[in-house]
Structures are given as C-alpha cells and as structure tokens.
1. Within the stretch 162-230, list the GluC sites (Glu not before Pro) lying in a DSSP loop whose Cβ has at most 16 other Cβ atoms in a 10 Å radius.
2. Could you list R206, R235 in order of exposure, starting from the residue whose Cβ has the fewest other Cβ atoms within 10 Å?
3. In nm, give the distance between the simple-model label positions of S159 and T233, each being 7 Å from the Cα along the Cα-to-Cβ direction.
Amino acid sequence: MLNMPLFIGMMVAAFLLFGGAMACFGVWTYRDAKRRGLEAGLWTIIVLLMPNLLGFLLYFLVGRKHRKISCPVCSSLTEPDKAYCSSCGTRLGETVFVPAERGRGRGILFAGLGLIVLGFMVVIGIFLSQFAASPETFTQRNIAIGQAQTSMPNRWKLSFWYLDGEKSRSIKLKPEGSRIVRVTAYIESGTAEAVLTAKETGEEKRIMLNDLNGQDSPYTWDVSDFPADAKLTLRIYAEKAKGKFEMKWEQ
C-alpha cells in the first residue's frame, strides 16, 4: 500500500495546484471581462463555482464574444452595434470600439493552465505509485451494486444487491483470551467465501458464507491458531452474490 504520509502530501499538492489554477482563471476572467465591458464579477463567480472548468470554458467560448462600449456622456455600457445609448440616448454613431489588446493578461492564463497540467501529473503519480505498491488493486475484478457497509475496529457489516469480486480489510484480534470471530450471513444467490490470512506466514482459514444461511446463532470462527501478534487480512470473495454478512471480534 502507498505510504500514507506520502499519499496525503501528494493529495494536498494536487489540491493546492488545482486551487491555484482556479485562482489564476478567476483573476484572468475578471480582468478580461472588465476590459470588454462585461459583467466581470458575475463571470468570475461563474468561472469559480462551476465544476470541471465548465464555467471557464463557457466564458472563453461564449462570454468573450459579447462586447460592450461605454457611452461617452453617461458611461453606461451599450452594445457596440446600437446607434444610441440605451440609458441617455446619446448618438453613438461616431464611437469607435477598441477591442481588448491581444496578448494582454495571457501570462496569468498560461500560469493557470500550467498549474492544471502539474495537478494532473501529481494525480497520475498517485495512481502510478498505488499501482507499484499494490498492483492487485487494479487487476482484481470488483463489481458492487447496492452496497451498504459498516466498518468499525471490531466489526464489519456488509450488504449488497450484487457483488462480483473481492472485498478486504485488516483486523486486529485480542492477543490474549478469546480469539474468535462471530459470523452471521445470509447469501440469497451466488457464492461468497470469507478468508482470513496472516500476512507474515500466509496461513489461511476459510469458511463458505453460503453454509451459514438459516443459522439461529452466529457461527463461531476459531482463529486461535494464528500467532497472537499476527497482522490479519479478512477478505470476502464473491461470485455474482446477493446477500449480507456481519462479523464481530474482540480487539
């Protein structure tokens, strides 16, 4: 598994890069819209609040095509193709519209694009690092539909409409005294098997959850054969299964 401090650091770096990119896009949008006589504040809010850069694309592809000119008398903004000011009626026929300067403000725009690229590179790095640490995570089949899960230090409860693949978690048992796992399960269709594995030795214990259907009391799974300090992984292997199970142990 990927080192947790490294994982958190990379996630924070990606968040800061994407956040910095959005700040750059917001500043560029405000300045560009203001030069064009548009509602700079409104467009900036749209760019910052719409997800997945949709607001930025909307402004870049649609908003920038609309320009307005300032009336020389009342300073109101008016469409450049109108002959008279919409506010004071001043004739605008002689008013020449001067478009925004080309290239002005591109530096902050390119900075935002660069931060987006770096952010995606960090995200790709996270996935590659995860793959290098646990390649089986990406190769194992795992389809779950209608899943509801409760995962606590001494309890694991899972229900599903359809499960075809593997679910797993690490558990820690009480080093002394009772070393058992109490299991209740009801598998309506398909098959489901529980496997408990000691990470150090590879020793396994297996039970078919289908065999527990209809039992009035929880099944007592004796795991006292495992070393007291063993690191255990509990896995569920399911094939087109529908049902639920619950496991409890002393920690």
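Read the figures in this text as sums done on the coordinates, not as results from a lab. Everything numeric here is computed off the predicted structure, so don't read it as measured data. Positions of Cβ are backbone-derived with ideal geometry, glycine not excepted, and every protein chain shown enters the neighbour counts.
1. When the GluC sites (Glu not before Pro) of the stretch 162-230 are filtered for loop state and at most 16 Cβ neighbours within 10 Å, E176, E200, E203 remain.
2. Final ranking by Cβ density, sparse to dense: R206, R235.
3. In this crude label model, S159 to T233 measures out at 2.9 nm.
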